[in-house]
1. Counting only residues that are β-branched (Val, Ile, Thr) and either farther than 17 Å from A:GLY50 by Cα or modelled with pLDDT under 95 (or both), how many does the range A:147-159 have?
2. Looking at (1) modelled with pLDDT of 50 or more; (2) in a helix (DSSP H, G or I), find the lone condition where B:ILE29 falls short.
3. When you check B:ASP25 against the structure, is it without any contact (Cβ under 8 Å) to a residue 12 or more places away in the chain, within 30 Å of B:ARG218 (Cα to Cα) and either in contact with an Asp or Glu (Cβ under 7 Å, 6 or more places away or on another chain) or open to solvent by less than 60 Å² (accessible area, probe 1.4 Å) (or both), yes or no?
4. Only one of A:LYS95, A:LYS103 is surrounded by fewer than 19 Cβ atoms within 10 Å (Cβ to Cβ) and facing another protein chain (nearest Cβ under 7 Å). Can you tell me which?
5. Here's a check for you: in the range B:28-41, which residue that is under 17 Å from A:GLY94 (Cα atoms) and open to solvent by less than 50 Å² (accessible area, probe 1.4 Å) is nearest to the other protein chains (Cβ to nearest Cβ)?
6. Among the numbered conditions (1) open to solvent by 20 Å² or more (accessible area, probe 1.4 Å); (2) at pLDDT 95 or above, tell me where A:ALA163 comes up short.
7. Could you please find all residues in the range B:255-271 being open to solvent by less than 80 Å² (accessible area, probe 1.4 Å) and in contact (Cβ under 8 Å) with a residue 24 or more places away in the chain?
8. Could you check, for the range A:121-132, whether at least one of its residues is closer than 24 Å to A:ARG23 by Cβ and surrounded by fewer than 16 Cβ atoms within 10 Å (Cβ to Cβ)?
Amino acid sequence: MRDKGKMKKRDKETVMDGETIERTLLRITHEILERNRGVGDLVLIGIRTGGVYLAERIRERIEQLEKVRIPSGIIDIALYRDDFATGLPRPLVGKTEIPFSLKDKRVVLVDDVLYTGRTVRAAMDALIDFGRPQFIQLAVLIDRGHRELPIQADYVGKKVVTAPQDEVNVLFREVDGQDRVIIQEKIS
Amino acid sequence: MVDDPGRVAARQISDKPTRQLAGKDILGIQEMSVSEIELILDTAESFKEVSTREIKKVPTLRGKMVINLFFEASTRTRTSFEIAAKRLSADTINISASSSSVVKGETLIDTAKNLEAMNPDCIVVRHSAAGAPHLLARLMRVPVINAGDGAHEHPTQALLDLFTVREKKGRLAGLKVAIVGDILHSRVARSNIYGFTKMGAEVHLSGPRTMMPAEVERMGVRWHTSLSEVIPQADVIMMLRIQLERQEAGFFPTLREYSRFFGLNLEVLKAAQPAVLIMHPGPMNRGVEISPEVADGPFSVILDQVTNGVAVRMALLYLLVGGEREAERSDP
């Protein structure tokens, strides 16, 4: 999660460095291939924005291992959020890019941090509009607990214990210049 | 201390910077900033995709009510707003002047207050009097979108025109835009003049002198007496509809003569740039201001304008309805 809010934050702890992230993604890739017995009908959908980079890296690893480039798409959940009534600033609506039907596909949804579960709920609502998949599995780099909906990940990079006031930020070399997972706390 | 779960969840979901519109309404391009216009165009890009899906609906404005209050006849604009609202899962109500209490003599203000008492979420208004939407916006707490007020402005048309050009050309700054026709009576022309000049394009006008406003240079544009002067350099040629009533009022002798001097046809187009865009806000008078061959030809983006109109209006409804308002914001 990349929070560009105005609150001041302080780095508390680095949970994963670049090397660990790479190894974890490789392990997740193997788990996906193992559980699904290969790449048949497999499709990766990354949740904007963190999930997009992770989905792409998983896709590349699958291509290296299985010599197949599986379809991938991007979902933006801004239009499916459940918190319009809170009156908070609206995030920019990004483009959803799923140029194929999801009918009968085996979807692996990818996000960087699993927290309350509301993002994933919104993503599933959005996905169903693109066709009825065989199933949807969820892969996340970090599970930080504090679920508010009955949502769980099928593939987890690392479980991290956090306080509600903490923020878990995943930095990506594509945009932040480095791969790192950090916990930050607010200082007010 | 645990935060309100709704806000915590939003913080988790909100991993993008937020940009907002300045006010609660969209009344005219003249008062809008460049960054507001860019926000609307950027947002519209994402909404364009929704209209290409199998299920052309997102739940974003579920339970919201958009009222189309049209005191002037319109099919195209009203339908566009209606489709935009419905694709966002909002409910819509259409009120047209002839069938409304206005016929019984109710004032605009009373009509508005009565509507507001029923708690709508957005009013889209078209009126023959310039400033009518502004009056409503002042009186009502609800967002008001100007769908055309007299000869003053038609901001959503200009926004969809800007979107169309930006999409086709990849930019707006530095382009040369020609607007041709009855500039005097055209709110589309005014909004587009404001819009394109704000975004860094150069606007050139052409049309009969009788239909060119007196101080048009003050708007930062150049006007030319003959069509052939604007065609060669133009990246965009926007033709305006000529109305028959203007002939009866003496603005030009006959439609045929107007067409000969200011109509766009293949012959005139020979002098144009190879990648020129032909635009028209509609409805067209085929054979008068624009020939069928040009209207249906490869340079025409007239139908793209219509498609983009829905996306732009979806973006506006999204940005206005349920948007952050100062009074409602609480500190994190």
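The values are calculated or read from the model by the stated rules, or taken from the named source; none is laboratory data. Source: prediction; values computed, not measured. Cβ coordinates were reconstructed from backbone atoms using ideal geometry, including for glycine residues, and neighbour counts include every protein chain displayed. Surface accessibility is based on the protein's heavy atoms, side chains included, excluding ligands, DNA and RNA. Shrake-Rupley method; radii C 1.70, N 1.55, O 1.52, S 1.80 Å.
1. Of the range A:147-159, the ones β-branched (Val, Ile, Thr) are A:151, A:156.
Then drop every residue that is not either farther than 17 Å from A:GLY50 by Cα or modelled with pLDDT under 95 (or both), which leaves A:151.
Result for the range A:147-159: 1.
2. Tallying (1) modelled with pLDDT of 50 or more; (2) in a helix (DSSP H, G or I), B:ILE29 fails exactly one: (2).
3. So B:ASP25 does not fit the description; no.
4. Values: A:LYS103 fails: facing another protein chain (nearest Cβ under 7 Å).
Just one listed residue meets the conditions, A:LYS95.
5. B:LEU39
6. So the condition that A:ALA163 fails would be (2).
7. Initial filter on the range B:255-271 (open to solvent by less than 80 Å² (accessible area, probe 1.4 Å)): B:255, B:257-259, B:262-265, B:268-269, B:271.
B:LEU255, B:TYR258, B:SER259, B:PHE262, B:GLY263, B:LEU264, B:ASN265, B:VAL268, B:LEU269, B:ALA271 - these are the residues of the range B:255-271 that are open to solvent by less than 80 Å² (accessible area, probe 1.4 Å) and in contact (Cβ under 8 Å) with a residue 24 or more places away in the chain.
8. So in the range A:121-132, the residues closer than 24 Å to A:ARG23 by Cβ come out as none.
No, that holds for no residue.
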